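Heads up: the structure comes next, in structure tokens.
The values are calculated or read from the model by the stated rules, or taken from the named source; none is laboratory data. As the structure is a computational prediction, the values presented were derived from the model and not from experiment. FYI the Cβ positions are ideal-geometry reconstructions off the backbone, even for glycines, and counts take in every protein chain you see.
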Amino acid sequence: MGRSPDGYELTETRKHPIYDYELEAYDELSRHRYIRIKKATGMGMTTFFLGLIAWLCVRDDSLAGTQIVIVTGPRIDLAMEELVLLQNLFSNTDYKPRKAGAKLWINGCKIEAYPSHTFNSARGLDRCRFFFVDEADFFPKGQQETVRTVVERYEAKSHPFIVFNSTTYLPGGLYEQMDNEKNPRFKTLEMFYEKGLGKIYTDYEIEQAKKMSSFEMEYNGQYGLGIGNIFPNTLLEKCKIEYDLSLKDGEKVLAVDPAYGSSKFAIVGVEKINGIIYVKEALQFDRPSPSAMLDLVKKMAKNYEQVVIDSAHPGIVTDLERAQIDVDSISFNKELSEMTVTAAQRVKERKVRIHPAFSDLMNQLKAVEFNDRGHPNKKKLSFDLGDAFFMAVHYLENMVWHWGGDTNGFSR
């Protein structure tokens, strides 16, 4: 194995044995049938599962006449690449699998590769015994749920083995949603870099990887860390500190980003004390009932001078006004650019404090990127808490605090 003088592996020439963490994956798959691998990049799990698929096909004839499906990212070339890797496992043997397009036959078992955007067409399979879904957390948001739904519908039909295998990606994506399930169907195995030290990785390789801003995401299972560019991670870390979450005598705003469908209903409460904006509450709800959210906002609003809401939801504004709650709306179409600049500037100036308890908000801020219009890119990332945070900071920094008579209040 060629190395530089400082120990870096220049050319990978090793033939790796089966490592203990790979045997763990095999054992858990045998026990549970549904497993989810949360892994560090480069752990070799894709190669392992392709090898396992090949072995299952040739160990006996039990899979002859059945199907195995491999699902990869949105491009067909990624799906084809895994079929080629599988085919090449037999390159030093006398056996030559038959390949045609995106299909490969090994000992009578048809192995078919699908890119995630066409996987809906896999609903018609009748004898599928194994689904291998690779790098699922990187699928586009709209395709993640489709892939999972199609795969799981085969439970009653053919009782297959199902493997989801991925490095973690963005907060709010498929893997984080699966983390938060109360009754998970998948057995989760965490295989981060420490399990690969001295095996798949050298110490030097990991030390070099730690210099990357995305190390915690790529090697240690943290969602989205190191890829955002609106809020540099180092600046956000300087804003993260423990403090008393009870409300004091400062200027207080409750920001609400309503949603009842694919997005989440988000609420962020902030309080400005001595020029510093403290996040006091950061809540998000997946597919909540409108009445439950209205009741919650009414209850929380009693502790805040002002409630602000995305103007795209006039119904909840009307409901709150009927309850005699002081509410204002913000137009994202008109004010998003200014909101983005204001929030980024306050973080840069360290005039924001975010409690470690609000990890969902922190992760969204760390992962969000600019789109080509200079706005947060929400095509890949669920940014509902971030939107509420933007509204709260922007409104708090652009209103006049009135002192007079027996009333205190805000105006813009």
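Quick notes on this one:
- From the list K187, K195, the lone residue that is over 30 Å from G124 (Cβ atoms) and at pLDDT 90 or above is K195.
- M293 at pLDDT 95 or above and among the aliphatic types (A, V, I, L, M): no
- Residue count, the stretch 348-403 (criterion: under 17 Å from E271 (Cβ atoms) and in a loop (DSSP other than H, G, I, E, B)): 7
- Residue count for the stretch 47-75, restricted to those that are under 35 Å from the mean Cα position of the chain (by Cα) and basic (K, R): 1
- If you go through the stretch 190-205 and keep only what is of a type in the set (A, V, I, L, M) and surrounded by fewer than 17 Cβ atoms within 10 Å (Cβ to Cβ), you end up with just L197.
- Filtered residues of the stretch 66-85 (kept if at pLDDT 85 or above, farther than 15 Å from P160 by Cα and either buried (at least 19 other Cβ atoms within 10 Å of the Cβ) or not assigned by TED's automatic domain parsing to the domain that holds P140 (or both)): T72, E82, L83
- Scanning the stretch 238-269 for residues that are in a loop (DSSP other than H, G, I, E, B) and hydrophobic (A, V, I, L, M, F, W, C), we see that the one that is nearest to H313 (Cα to Cα) is A259.
- Those residues of the stretch 137-146 which are assigned to a helix (DSSP H, G or I) and either closer than 17 Å to Y223 by Cβ or modelled with pLDDT of 90 or more (or both), in sequence order: D137, F138, K141, Q144
- Flag for E28 being modelled with pLDDT of 95 or more and surrounded by fewer than 20 Cβ atoms within 10 Å (Cβ to Cβ): yes
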